[in-house]
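Worksheet for the structure shown next.
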Amino acid sequence: MNAELVRIVDSIARDKNIEKDAVFADLEQAMVSAVRKAYGQMDEVIVTIDRLSGDIAATRNGEPVDMRELGRIAAQTAKQVMIQKIREAERGSIFEEFVERKGTVVTGTVSRFEGGALIVNLGRAEGFLPRSEQIPGETHHPGERIRTLILDVREAPHQVKIVLSRSHPDFIRRLFELEVPEVSERIIEIRALAREAGYRTKIAVSSIDAKVDAVGACVGVRGSRIKNIVVELGGEKIDIVRWNESSQILISNALKPAEVSDTALCFELGRATVVVPEDQLSLAIGKRGQNVRLAARLTGWDIDILTPKEYNKGLDDMERELSQIEGISSENIEKMMVMGIVSLADIPEIGIEPLMKTLGLTEELAAKVIEISAEAAKRLATEAEAARLAAAEAAAAAAEASSSTEAEGAAVGEGAAAPQSEAGPGTSEAKGDAPADAVDASGPVEGPVQL
C-alpha cells in the first residue's frame, strides 16, 4: 500500500508538472484536516509521510493515530482538501510555465467560441483569444490548429488566464524568427515594424554580416520564406525594406514602391516633408493613406507628402512673405529651409526659441515673424479654398452646359428624322414603285424588289 502511494504521487507530479515534495506536503496537510475532522479542530496533529517508502506516521496531541480508523467523513474531507491543494499547485505550475513563454508563438487547437472570443486548447491550459486580438476578416472553426502569440498571462480566480493574439506586431516578429534562421540567430535584425493587422505590414531589417542580404534572406528563394508567413496571416501583405541610419534614406525606403524625389527633415517638429512626382503621389499615399501611415510609424517621423508644384509654391510663398519683414534676410530664409521649414504654416509650430537659437533673431523679431507667418498662412489658405470652390463651380457649370447641349442636339435629331420616317411609304408610291404586298407573284419578277 505504501509503495502504491509513492507511485501515485510520482504519477500526479509528472502529469500535473508539480514537484513531488509539494504533492507529499499536500497529502500531509489533507491528512491533518482529516484527523481534526474526526477528533477536534483544536487538537495538535502532526502527519509525516516517508518520501522513499511512503510510510505514514500520524500523532494527535502526542498520541499515535491509525489513519485507517478515521471513518468515511474524515476520508472525504481528506479527499476534498487534497483535490483543492493539487489544483492550486497545478495553477501555480501553469502560471510559471506560461509566464516564461510570454511573447512566444504557440500552436493550439480551437475549442469553442465565447461571445466572439476564441478559446484555444494549449495542452495543459486554455488560451483566450479576444476579438480585438484576432485578424480582421479571419474566421476559424472548432478543431482547427492555429498559431498565436502569448500576449499576457495573469492569475484569475480559480484559473490562469492566458491572453493570446494574432494581430500584435510581435506576432510577425516571432514568425520571422521561426521561418528565417538568420533572424533567430541574430545575423539579421528586425529594426522596426509597423502593422495594420489583416491588411499590410512594413518591416525594416539590417544584417550584421556584409555577406548576408537582409531583404533577400527574409524573402527566401522565389519568396518561399515570406510566402509561408503570408499564408499563416491569411494573405496579409508584407513589405520588407532595408534599414538605414540616415532618416532620409530610411523614409525613402519605407515609402516604397513609390519613388521619392527629395526629403526635408524638421527635427524640431519631428516632421519629414517628402516630395514625390505627380504620377507617384497616389502610390506614396497608398489606399486610404495606408502606405504613408505605416511608413510614418516605421520610421518614427510625421510624414507629409507633396508634389514638386506644392513644395515649390510653399517655399515661394514663404520667401515672398518673410522677405518683406525688416531684419529678415535671404540668409535667414535659407536657414529656415535647412531646418526643414517648407511653408509658412510650419513657422508658428516651431515656436520662438528655435528661431532665436538657429537664426540668431531677437525675441521681438522672432515673435513678429511667427505672427506675420500665421496671418499669411491663414490668408493664403482662405484664397486657395476660394479658388478651389470657384474651380469646382466652373467645372460643374461646364458639365451642365455640356449636358444641355447634348440634350438639344438629340432633340433636333429626333425632330428631323420624324418627317422622313412618315414620308417613307408615300415616297415609294409617288415614284410608281409597287408596295411589297402588291407584287404579282404569278409572273416572273425581274430586278430586285425593294421590300
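Every number here is computed from the coordinates shown, using simple stated rules; none is lab data. Computed from a predicted model, the values in this text were never measured in an experiment. FYI the Cβ positions are ideal-geometry reconstructions off the backbone, even for glycines, and counts take in every protein chain you see.
For Leu269, are the conditions met, namely being surrounded by fewer than 21 Cβ atoms within 10 Å (Cβ to Cβ) and either aliphatic (A, V, I, L, M) or not in a loop (DSSP other than H, G, I, E, B) (or both)?
Values: surrounded by fewer than 21 Cβ atoms within 10 Å (Cβ to Cβ): yes; either aliphatic (A, V, I, L, M) or not in a loop (DSSP other than H, G, I, E, B) (or both): yes.
Spelling it out, Leu269 is indeed surrounded by fewer than 21 Cβ atoms within 10 Å (Cβ to Cβ) and either aliphatic (A, V, I, L, M) or not in a loop (DSSP other than H, G, I, E, B) (or both).
Of all residues in segment 237-254, which are in a helix (DSSP H, G or I), out of contact with any helix residue (DSSP H, G or I) (no Cβ under 6 Å at 6 or more places or on another chain) and under 23 Å from Gly198 (Cα atoms)? Explain how you work it out, then say what you get.
Going residue by residue through segment 237-254, those that are in a helix (DSSP H, G or I) are 247-254.
Among the residues that remain, those that are also out of contact with any helix residue (DSSP H, G or I) (no Cβ under 6 Å at 6 or more places or on another chain) are: 247-249, 252-253.
The answer is Asn253, and nothing else.
Counting only residues that are in a helix (DSSP H, G or I) and either of a type in the set (Val, Ile, Thr) or in contact (Cβ under 8 Å) with a residue 40 or more places away in the chain (or both), which one in segment 305-317 is surrounded by the fewest Cβ atoms within 10 Å (Cβ to Cβ)?
Taking segment 305-317 as the starting set, the residues that turn out to be in a helix (DSSP H, G or I) are 308-317.
Those left that are additionally either of a type in the set (Val, Ile, Thr) or in contact (Cβ under 8 Å) with a residue 40 or more places away in the chain (or both): 308, 311, 317.
Details: Pro308: 13, Tyr311: 21, Asp317: 17.
If we take residues in segment 305-317 being in a helix (DSSP H, G or I) and either of a type in the set (Val, Ile, Thr) or in contact (Cβ under 8 Å) with a residue 40 or more places away in the chain (or both), then Pro308 is surrounded by the fewest Cβ atoms within 10 Å (Cβ to Cβ).
Identify all residues within segment 61-78 that are touching a residue at least 12 places away in the same chain (Cβ under 8 Å) and either in contact with a Pro (Cβ under 7 Å, 6 or more places away or on another chain) or under 14 Å from Ala38 (Cα atoms) (or both); write none if there are none. Quick ask: steps written out before the conclusion?
Start the filter on segment 61-78 by keeping residues that are touching a residue at least 12 places away in the same chain (Cβ under 8 Å), which leaves 61-62, 65, 67, 70-71, 73-75, 77-78.
Matches in segment 61-78: Asn61, Val65, Met67, Leu70, Gly71, Ile73, Ala74, Ala75, Thr77, Ala78.
Give Gly289, Gly220, Gly234 a once-over and let me know the one that is touching a residue at least 24 places away in the same chain (Cβ under 8 Å) and out of contact with any helix residue (DSSP H, G or I) (no Cβ under 9 Å at 6 or more places or on another chain). Walk me through how you get there before you give the answer.
Numbers: Gly289 fails: touching a residue at least 24 places away in the same chain (Cβ under 8 Å); Gly220 fails: out of contact with any helix residue (DSSP H, G or I) (no Cβ under 9 Å at 6 or more places or on another chain).
Just one listed residue meets the conditions, Gly234.
Evaluate segment 22-40: report whether one residue or more is under 30 Å from Gly127 (Cα atoms) and not in a helix (DSSP H, G or I).
no
Can you tell me which residue in segment 120-141 is nearest to Arg195 (Cα to Cα), limited to those that are aliphatic (A, V, I, L, M) and over 22 Å from the mean Cα position of the chain (by Cα)?
Taking segment 120-141 first, the residues aliphatic (A, V, I, L, M) are 120, 122, 125, 129, 135.
Add one more test, that the residue is over 22 Å from the mean Cα position of the chain (by Cα), and what stays is 122, 125.
Values: Leu122: 26, Ala125: 29 Å.
That would be Leu122.
Please give the number of the condition Asn61 fails out of (1) of a type outside the set (D, E, K, R); (2) closer than 30 Å to Ile46 by Cα; (3) crowded, with 18+ Cβ neighbours inside 10 Å; (4) in contact with an Asp or Glu (Cβ under 7 Å, 6 or more places away or on another chain).
Unmet for Asn61, out of (1) of a type outside the set (D, E, K, R); (2) closer than 30 Å to Ile46 by Cα; (3) crowded, with 18+ Cβ neighbours inside 10 Å; (4) in contact with an Asp or Glu (Cβ under 7 Å, 6 or more places away or on another chain): (3).
Which members of segment 163-209 meet the condition of being in contact with a strand residue (DSSP E or B) (Cβ under 8 Å, 6 or more places away or on another chain), assigned to a loop (DSSP other than H, G, I, E, B) and more than 18 Å from Gly235 (Cα to Cα)?
Across segment 163-209, the qualifying residues are Val180, Ile187, Ile208.
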